[in-house]
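Below: the structure, in structure tokens.
The values are calculated or read from the model by the stated rules, or taken from the named source; none is laboratory data. It should be emphasised that the depicted structure is a prediction, and the values quoted were computed from it without experimental measurement. Neighbour counts are summed over all protein chains in view; Cβ atoms, including those assigned to glycine, are modelled from backbone coordinates with ideal geometry. Protein only, heavy atoms only, side chains kept; ligands, DNA and RNA dropped before computing areas. Shrake-Rupley method; radii C 1.70, N 1.55, O 1.52, S 1.80 Å.
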Amino acid sequence: PSFSVKVARVAIEDLAADFTDEGPATPGRLAIADLDLALRDVTASEGAAMPLELAVAFGAGGTLTATGTVTALPELLLDADVKLDGVKLAVTQPWVSDVARIGIRGGELAVDGHVASGPQESLAFDGDVRVTGLDTRDLVRDQKLLGWQELGADDLQVFLDGNRAQEARLRLVK
């Protein structure tokens with residue numbers, strides 16, 4: 001006889017964590033102020049799509065939410081709507097500084113779309129991406145480098161394994 005288990009809900013709630021990457025010359029830090037993750041109807045049955053809910057608040061500002069399904073067997077599949085809002089680009093400064101003398105003084109990232117992952121494509125994205133309030137500085141010449149009010153890519157499609165991307169419309173508001 002086969003063995004079967006079904007758990008109504010598996011969750012991580014109110015998790016806070018700080019991560020430090022010692023690789024860059026100035027260590028990079030990422031703080032998660034609050035993370036809630038829940039999987040419902042968890043089972044090892046083949047083909048069972050388990051509902052997923054994720055909510056993350058970042059310490060430097062911004063949020064990430066995802067709602068969708070995860071299938072564990074026979075292969076791992078993810079299918080979810082994602083929303084990233086108000087993520088401060090300045091947190092990337094340690095990694096940017098290692099490759100370019102550019103200072104990130106302002107800017108926020110927002111994403112609203114759909115992600116899928118599976119054996120045919122390890123990561124596919126379809127949705128909108130925008131960067132608002134970008135303010136960068138040339139640290140060698142100590143002058144403004146690049147900035148805008150909003151840069152958005154609407155209906156962006158990215159296929160990691162296919163090594164390709166396409167967008168339907170790109171908008172720039174200076």
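Looking at region 68-174, the accessible area is 61 square angstrom per residue; that uses a 1.4 Å probe and ignores ligands, DNA and RNA. Sparse packing (at most 12 other Cβ atoms within 10 Å of the Cβ) combined with a DSSP loop state is found for the following chymotrypsin sites (Phe, Trp or Tyr not before Pro) in region 1-100: PHE3.
Solvent-accessible area assigned to carbon and sulfur over the chain amounts to 56 percent, based on a 1.4 Å probe. Residue order by solvent-accessible surface for THR63, THR71 is THR63, THR71, largest first, with ligands and nucleic acids left out and a 1.4 Å probe. For the chain, dividing the convex hull volume of the Cα atoms by the residue count gives 138 Å³ per residue. Region 103-174 and region 1-33 have their alpha-carbon centroids 25 Å apart. Legend: residues VAL87, VAL5, sorted from most to least accessible area (1.4 Å probe; ligands, DNA and RNA excluded), read VAL5, VAL87. Over all distinct Cα-Cα pairs of region 76-174, the Kirkwood formula returns a hydrodynamic radius of 15.0 Å. For the chain, modelled as a GNM whose springs connect Cα atoms under 10 angstrom apart, the maximal fluctuation among LEU35, LEU139, LEU109 occurs at LEU139.
Sparse packing (at most 14 other Cβ atoms within 10 Å of the Cβ) combined with a DSSP loop state is found for none of the trypsin sites (Lys or Arg not before Pro) in region 1-37.
Computed from the Cβ-Cβ distance with R0 of 45 Å, the FRET efficiency linking HIS114 to SER2 stands at 0.85.
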